[in-house]
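Here's the structure we're looking at; comments come further down.
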Amino acid sequence: MTGLLVSITSFLWAQKNADNILTAKEAERIERVLASDDMKGRKIYTPEIDKAADFIAAEFKAAGLKTFNNSSTYRQEFAMVSAKLTSTSCSFDNQEVDAKNVVVITTDPGFSITEKSGFEKVTIAKGKSLFSEAQKFVGSGKNYLVLVDTSFARNFTRLSGFRRGLFKSGNSVVFVLTTVNPASFAIEARHEITEQKLANVVGILPGKSKKDEYVIFSGHYDHIGIGKAVNGDSIYNGANDDAAGTTAVIMLAKYYKALGNNERTIVFAAFTAEESGGFGSQYFSQQFDPVKVMAMFNIEMIGTESKWGKNSAYITGYEKTDMGKILEKNLAGTGFTFYPDPYPDQQLFYRSDNATLAKLGVPAHTISTSKMDSEPNYHKVTDHVETLDMDNMAMIIKSIALSARSIVAGKDTPSRVNTSDLR
């Protein structure tokens, strides 16, 4: 009996200690750092976004999180590569192919292959989705020669857009608009390569009994930097978009660490480059087996009231899985409500940092309160800390924590996203 009382007392102490973390005061402390003028809008490839990353890493360290894959740092660094084409040549079965019908996606400045180079030959047939199919090949990490049906002639050259956002890797993909399936080929391409460094910030709280099952809490910490001055203010501070989501991730990390009872491993991620193509979350997602990711809570713009008022938020892609129903069950009696996304025409489910994993079947949803039809400070210099409702924001973060408890505990597992509509 004594052991049971000690256990109950310890649990209640941990719960009280954890609840004391999810306060408006703590939310404002973090917000005032991330959205300060000193951060100059946290634009990618600036010293200020590195400064923001260092702050988030320090918060993760203070929370007692582990690094991802036992890295020496919380920064998940990667490189983005842009390739400017200078020349292309191609022949199929010793017959020259017009260079305008060839697009080479590579990070190799002196690219050269033949049929002996080990490239897998595949096709994009008439009636398929050109860009969806192309994206699969480019993002696969494998080398392909892709024979593209001539029905795509009108949009074929647009495939060159993939050169503007490449992760530094060893794989290359060649697209050729053709009716020929060649037995032999020779393809060369020369590019001017530009490489730039980016970093997510990732912390881990290992699970107890289900270490290989992951629950992710995420938000993006980049914003759009400095722009044209409006009434003397040129800094796009991004307090709501998305210092608010990053603040939630930091607070939830401290909350779950204080509780110390997560059966599944929890991953806390602050993404870079959401405003510039979602490259941070794309890179992050490639580091996980999607089958092992049980749920993702992506948090985006929760600093203002939703269209239903206080104590409410919405979930993008609500109908895609039963995750929303699980969250509702866990919130019964709290007075807080999660609603389905009221802006379905804006396709928000596939527009935020949850999208990459959602497209792989993971129940990955974004939680937001942003009034997409009338948010007055969205992408404006007026997105300041003073425009946020900190008490309501703290309640939203607490409600996210409560709503996730059975998933984190391994008692509930949301259904997977049906990805057939993406084909």
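The values are calculated or read from the model by the stated rules, or taken from the named source; none is laboratory data. Keep in mind that what you see is a predicted model, and the values were worked out from it rather than measured. Don't worry about glycine lacking a Cβ; one is built from the backbone with ideal geometry, like all the others, and counts go over all protein chains shown.
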When only residues in the stretch 68-97 that are touching a strand residue (DSSP E or B) at 6+ places or on another chain (Cβ under 8 Å) and exposed (fewer than 11 other Cβ atoms within 10 Å of the Cβ) count, which is nearest to G277 (Cα to Cα)?
T86
Would you check which residues across the stretch 374-400 are acidic (D, E) and under 23 Å from the mean Cα position of the chain (by Cα) and list them?
E375, D383
Just to be sure, is S403 over 23 Å from G225 (Cβ atoms) and either without any contact (Cβ under 8 Å) to a residue 40 or more places away in the chain or under 22 Å from the mean Cα position of the chain (by Cα) (or both)?
yes
Reported set for the stretch 385-406 where residues are within 12 Å of A244 (Cβ to Cβ) and not hydrophobic (A, V, I, L, M, F, W, C) is T387, D389, N392
Tell me which residues, restricted to the stretch 27-67, are small (G, A, S), surrounded by fewer than 23 Cβ atoms within 10 Å (Cβ to Cβ) and closer than 20 Å to V202 by Cβ.
A57, A58, A62, A63, G64
Of the candidates K398, K329, the one satisfying the condition of being farther than 29 Å from G41 by Cα, out of contact with any strand residue (DSSP E or B) (no Cβ under 9 Å at 6 or more places or on another chain) and among the basic types (K, R) is K329
State which residue is modelled with the lowest pLDDT when the search covers only the stretch 413-422 and only residues that are of a type outside the set (S, T, Y) and not in a helix (DSSP H, G or I).
N418
Scanning the stretch 267-301 for residues that are assigned to a loop (DSSP other than H, G, I, E, B) and either touching a helix residue (DSSP H, G or I) at 6+ places or on another chain (Cβ under 9 Å) or crowded, with 21+ Cβ neighbours inside 10 Å (or both) gives T272, A273, G277, G278, Q286, Q287, F288, E300, M301
Scan K25, K16, K61 and give me the residue that is in a helix (DSSP H, G or I), of a type in the set (D, E, K, R), over 30 Å from H191 (Cα atoms) and modelled with pLDDT under 95.
K16
Quick check: is even one residue across the stretch 111-119 among the polar types (S, T, N, Q), out of contact with any Lys or Arg (no Cβ under 6 Å at 6 or more places or on another chain) and within 27 Å of T194 (Cβ to Cβ)?
yes
Looking at the stretch 187-236, which of the residues that are surrounded by 13 or more Cβ atoms within 10 Å (Cβ to Cβ) and of a type in the set (S, T, Y) is farthest from K61 (Cα to Cα)?
S234
Return a yes/no flag: does the stretch 252-263 have any residue that is touching a Phe, Trp or Tyr at 6+ places or on another chain (Cβ under 7 Å), in a loop (DSSP other than H, G, I, E, B) and under 19 Å from D19 (Cα atoms).
yes
Show the residue pairs meeting these rules: Cβ distance below 7 Å; 6+ apart or different chains; first residue within the stretch 316-330 and basic (K, R); second residue surrounded by 21 or more Cβ atoms within 10 Å (Cβ to Cβ) and in a loop (DSSP other than H, G, I, E, B).
K320/V417
Among the residues of the stretch 270-279, what is the count of those that are more than 15 Å from A243 (Cβ to Cβ) and at pLDDT 95 or above?
1
Scanning for something at pLDDT below 95, of a type in the set (K, R) and out of contact with any Phe, Trp or Tyr (no Cβ under 6 Å at 6 or more places or on another chain), does the stretch 90-109 turn up at least one residue?
no
Cβ-Cβ below 6 Å, separation at least six or inter-chain, first residue in the stretch 370-396 and modelled with pLDDT of 95 or more, second part of a loop (DSSP other than H, G, I, E, B) and surrounded by fewer than 15 Cβ atoms within 10 Å (Cβ to Cβ): which pairs?
N392/K310
